[in-house]
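The values are calculated or read from the model by the stated rules, or taken from the named source; none is laboratory data. Everything quoted here is computed from the prediction, not taken from an experiment. FYI the Cβ positions are ideal-geometry reconstructions off the backbone, even for glycines, and counts take in every protein chain you see.
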DNA sequence: CGAAGTATTGAGACGTCTCAAAATTAGTGG
DNA sequence: CCACTAATTTTGAGACGTCTCAATACTTCG
């Protein structure tokens, strides 16, 4: 998957994901490790680099001047929490040079970007036109689709991350989850950031139509 | 610009835009004309084609089962309203064949997709975290940036289109515009769908920070 | 065990939506 | 060009949902 990973809406770096593997490509790249909670940007000129997550999990977000935050996507490469992460840095300039000699890679990049675009456009509909409960239901089903089979999954992020992904407050997310539990749509167990959710998808799917 | 143009969130066609010109490319393409209000899709299998607007203006949107709509982007190639439009159809399959022989075109597509992704990700922030007035202000400034110089512009779409673009109701859009007029941020004149807006960007820019 | 961080719950405030009516504009046929 | 009708926009009043602020509960970590 592909996305911005920004603190400033005006800067436009890119984050590479699962589809492409640039490790053998003829680009000048370097790996960097970031521990949990570290800002990946601010350390290199964002717009000049492309990032690929090798291990860990990353969230990409944008900020408004007053701190309001919107997460665009979660990127997960292990079952871990938003945790220690290794990232490969690729100079954009270098990439564009390679693009001329490696058409397959460009095609791969195009596929990734297109997939990401589809995800983000679905997210527009969610943010623009769905209620709080519909958003939380959609989020749970999205996570469920990516993870373990059969409605059992871990939620490796905080309520704040979920809220900022769904354009809600943490209180509203919490209330929605509580309501779903009361209705028998899910059960929660386990420690923070590794909560186990047992889904009864029937109810949620109806909400998420 | 690049975007989905959907009635069904599950189908994923692509709409090409200003950057690329496929008319001379070695792809099998055909032009189609659509009059105002026509659904471009439903007439060919959406997922199998890529679309490029040649003349006119197009909006792309997604729908929920109950009719709630979210517009992802406006695409404008004349100053006209969402009006009669000519579209070039390119078979996706054909495009992928060409991609192997025409790396420049793939790079062009990648650029377009990346640009579109940036636009959509900014829109996520708007839909997730900005108030109604901030959204309307951002919309006006976005349109202003694309059109005539110096704060004079035509608004070639209905309140419903604007509302669905901003994730609001038509009433809320109307109230925001009225409030801006009362504050002296803008003046409106002219007929429906060709309203002339005279901006005083100072106030709006502050709102749109 | 204590402290800090995170999540849940409650009560009220606020903003947007819904529904309804009035005003304005567009389109049509005489 | 005018009258009439349909469509769109504006405005108003109240309903509803989410946010804000505050208190409590729970978890993690020292």
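The requirement of being away from DNA strand C (no atom under 13 Å from the Cβ) and either away from chain A (no Cβ under 13 Å) or under 27 Å from residue A:169 (Cβ atoms) (or both) is fulfilled nowhere in the stretch B:127-135; no residue meets it. Evaluating residue A:193 against the criteria (1) more than 8 Å from DNA strand C (Cβ to nearest atom); (2) within 26 Å of residue B:124 (Cβ to Cβ); (3) touching a residue at least 40 places away in the same chain (Cβ under 8 Å) leaves one unmet condition, (1).
Please find, within the stretch B:163-202, the residue that is nearest to DNA strand D (Cβ to nearest atom) out of those that are at pLDDT below 85 and farther than 16 Å from residue B:143 by Cα. My answer is B:192. Scanning the stretch B:196-209 for residues being within 15 Å of DNA strand C (Cβ to nearest atom) and within 14 Å of another protein chain (Cβ to nearest Cβ) gives a total of 2.
In the set (1) more than 16 Å from DNA strand D (Cβ to nearest atom); (2) over 15 Å from residue A:72 (Cβ atoms); (3) touching a strand residue (DSSP E or B) at 6+ places or on another chain (Cβ under 8 Å); (4) without any contact (Cβ under 8 Å) to a residue 40 or more places away in the chain, the condition left unmet by residue A:153 is number (4).
Does residue B:160 satisfy the condition of being near DNA strand D (Cβ under 8 Å from one of its atoms), within 17 Å of the chain's Cα centre (by Cα), closer than 24 Å to residue B:59 by Cα and within 14 Å of another protein chain (Cβ to nearest Cβ)? Yes: the conditions hold for residue B:160. The number of residues in the stretch B:133-142 that are away from DNA strand D (no atom under 12 Å from the Cβ) and free of Cβ contacts under 8 Å to residues at least 60 places away in the same chain comes to 3. Take the stretch A:114-131 and flag every residue that is part of a helix (DSSP H, G or I) and either surrounded by 21 or more Cβ atoms within 10 Å (Cβ to Cβ) or within 12 Å of DNA strand D (Cβ to nearest atom) (or both). Selection gives A:116, A:117, A:120, A:121, A:123, A:124, A:125, A:126, A:127, A:128, A:129.
Among the residues of the stretch B:165-182, those identified as within 10 Å of DNA strand C (Cβ to nearest atom) and crowded, with 21+ Cβ neighbours inside 10 Å are B:166, B:167, B:168, B:173, B:176. Of all residues in the stretch B:166-177, those that are in contact (Cβ under 8 Å) with a residue 24 or more places away in the chain have Cβ atoms under 6 Å from Cβ atoms of residues that are within 6 Å of DNA strand C (Cβ to nearest atom), 6 or more apart or on another chain, in B:168/B:132; B:172/B:132; B:176/B:132.
Can you find, within the stretch A:116-126, the residue that is nearest to residue B:66 (Cα to Cα) among those that are within 7 Å of chain B (Cβ to nearest Cβ) and in contact with a strand residue (DSSP E or B) (Cβ under 8 Å, 6 or more places away or on another chain)? Ranking the candidates gives A:125 first. In the condition set (1) away from DNA strand C (no atom under 15 Å from the Cβ); (2) away from chain B (no Cβ under 12 Å); (3) more than 20 Å from the chain's Cα centre (by Cα), residue A:185 is compliant with all but (1).
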